[in-house]
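The values are calculated or read from the model by the stated rules, or taken from the named source; none is laboratory data. For clarity, every value in this text was computed on a predicted model and none was experimentally measured. When we count neighbours, we look across all protein chains shown, and the Cβ atoms used for this are built from the backbone with ideal geometry, even at glycine. Protein only, heavy atoms only, side chains kept; ligands, DNA and RNA dropped before computing areas. Shrake-Rupley method; radii C 1.70, N 1.55, O 1.52, S 1.80 Å.
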Amino acid sequence: MIDRRAVLVATRRWAPVGVVVAFWLWVAWPFLRTDGWITSFATVAYSGPNLSVTFEAVRDGRVAHWNDLVFGGVNHIGNPQTSAMYPLLWVMAWFDVHRAMMLTTAMHLAVIASGTWVLVRRFPASRAAASVAAITLLGSGLVMARTIQFEQIS
């Protein structure tokens, strides 16, 4: 037999977390869908080609030190916006470039939401307060504007 009191306690305890997860899913859904792409000019002209160079090197088992395709050749690993040494991108190297960008963005949205929740919980704040803080930051204009600027996310 189900203990209704235990169910009620568990629901009250985990409902704020569920709300944050549901909001994250709503915000990240365009990045998780497989039938469309979220993009900007910088993604097409800059981030995508740089990530392609990084992925090609990772798939070949090397580090992309130099990019011959830009301005007659530029230092690839020395440019922080290429994220050539970012371990998450090494894992994503087996996806196509744009899908990797979308999945990385969705994961970073999850990190910012969960990190905010944990940070607020470290204060003497309730789960509900932590959930409001996470949802507020996740839905803020700053976060929404930066999600399509991949070079700043990674």
Item to check | Fluctuation leader among Ser126, Ser47, Ser114 - the chain, Gaussian network, Cα springs under 10 angstrom | outcome: Ser126
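Between Thr136 and Arg4, how high is the FRET efficiency from 1/(1 + (r/R0)^6) when r is the Cβ-Cβ distance and R₀ = 35 Å? Nearest 0.05. Spell out each step's value before the answer.
Details: r = 33 Å, r/R0 = 0.94.
The pair Thr136/Arg4 has a calculated efficiency of 0.60.
With r defined as the distance between the Cβ atoms of Trp29 and Val118 and R0 fixed at 22 Å, what FRET efficiency is calculated, to the nearest 0.05? Write down the numbers at each step before the final one.
Numbers: r = 23 Å, r/R0 = 1.05.
Computed FRET efficiency for Trp29 and Val118: 0.40.
Within the set of other residues whose C-beta is less than 13 Å from the C-beta of Thr105, count the net charge using Lys and Arg as +1 and Asp and Glu as -1. Can you show the working numbers first?
On the way: positive: Arg33, Arg99, Arg146; negative: Glu151.
Summing Lys/Arg as +1 and Asp/Glu as -1 gives +2.
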Next on the checklist: If R₀ is 41 angstrom, what is the calculated FRET efficiency for the pair Ala129 and Leu88, using the beta carbon separation as r and rounding to 0.05?
Outcome noted: 0.85
Checklist entry - Over the Cα atoms of the chain, Rg to Rh with Kirkwood Rh, two decimal places? => result 1.11
Next on the checklist: Using a 1.4 Å probe on the protein heavy atoms, what percent of the accessible area of the chain belongs to carbon and sulfur?
Outcome noted: 68
Checklist outcome for this item: Projected onto their principal axes, the Cα atoms of the range 97-154 stretch, largest extent first, over whole-Å spans of 42, 19, 14
Checklist outcome for this item: Inter-part gap, Cα centre of the range 100-117 to Cα centre of the range 11-80, in whole angstrom, is 11
